[in-house]
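Read the structure below first, then the notes.
FYI, it's all coordinate maths here, none of it is from the lab. Since we're looking at a predicted model, the values are computed, not measured. Note: ideal-geometry Cβ built from the backbone for every residue, glycine included; neighbour counts use all protein chains shown.
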Amino acid sequence: MLRRFYYLGFLGAGLCITTLAGAAPKQRRSGEDQASRQSGVVVIDAGHGGFDRGGIPGQRVAEKTMTLDVALRLQTVLQDAGYRVVMTRESDVFVPLGTRVAIANSYPNGILVCIHFNAARRSGASGIETYFYNRDSLTLASAIHYNVAGGAPSSNRGVRRRGYFVLRRTRIPAVLVELGFLTNPTEARYVQNSSYRQKLAEEIARGIGGRNNVRASSLGTNIPSIPLQPFIDQTLVRGRDGSHSKRSRKSARRRSAKSSVSEKKQSSDDESATGKKSTSKQPEN
């Protein structure tokens, strides 16, 4: 782990303060710029909130409640480890997507972690999946997914690239992690256990801390590393029933060329940041 050393002179005696990379510095020299002061910030975005319950109609467990609980636990774990943490919400309030993005973008040297749970009309749908959009977010997505999926009893649905609003509009590394299906009886039972939610928060924090150790291959090195996760590119594809269909970008472009419907839908998505969901579960996009 990289270490930074800051030397402060006091009455002829030297005091050496060591902070982990990514941790919030205790003191700064007055001449440092704003970007330096914001170094190492983790912005945590608890999905939904207020009138936006999340999930799908008739869903028993409210997604907004579970996302906030995990986000607050993650905040505590990271702060205890020395990170500076910024929350997009800390209570049951609705925060527009544009505001969430603006908060994240105000910390140019930070990262954004969006907390969500999944839902589908098919109760058998299950698993953990992690989304990213920009290439510079892939190592963060890999590290978080490696730890969360590896530490949870749910199936591994993989890392996926998709153009959700909060990922597409954020200028810093950003990921959206789906921590299981609240419409799956087994996974919903897991999530309603506080110990399990704490475990999820700890695994996300472990991924954040290990993001600089992500490598394409760990062969030939004695340094512990996290494998770079393969991903499915779903940038132009959206499932109708909460599932994630696997279609190539080439076929998606062909369908788009035949009709302007897809373009109109995307344009509408870009202009609207209400955070409301359709009848099928989609992460805020």
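Structural remarks
- Pairs of Cα atoms farther than 14 Å apart, region 87-133, %: 64 percent
- Label-point separation, Arg122 to Ala216 (7 Å along Cα→Cβ), nm: 3.5 nm
- In Hz, Karplus ³J(HN,Hα) per residue of region 81-97 (6.51, -1.76, 1.60; θ = phi - 60°; x = Gly, Pro): 8, x, 6, 8, 10, 10, 9, 6, 7, 10, 8, 7, 10, 8, 10, x, 4
- Alpha carbon Rg of region 33-248, scaled by the compact-globule rule 2.2 N^0.38 Å: 0.96
- Cα centroid separation, region 66-92 to region 139-166: 19 Å.
- The stretch between Thr76 and Thr186, if pulled fully straight at 0.36 nm per residue, gains 36.9 nm over its current Cα-Cα span.
- Distance between the modelled labels on Arg135 and Ser106, one decimal in nanometres: 3.1 nm (7 Å Cα→Cβ projection).
- Extension gain for Asn193-Phe94 works out to 33.2 nm (0.36 nm per residue, less the C-alpha to C-alpha distance).
- Residue order, fewest to most surrounding Cβ atoms within 10 angstrom, among Phe51, Phe181, Phe132: Phe51, Phe132, Phe181
- DSSP-defined beta bridges in region 33-248 - what % are antiparallel, rounded to 5: 15 percent
- Here the spin labels are modelled as points 7 Å beyond Cα on the Cα-Cβ line, and at Asn156 and Phe51 they lie 4.2 nm apart.
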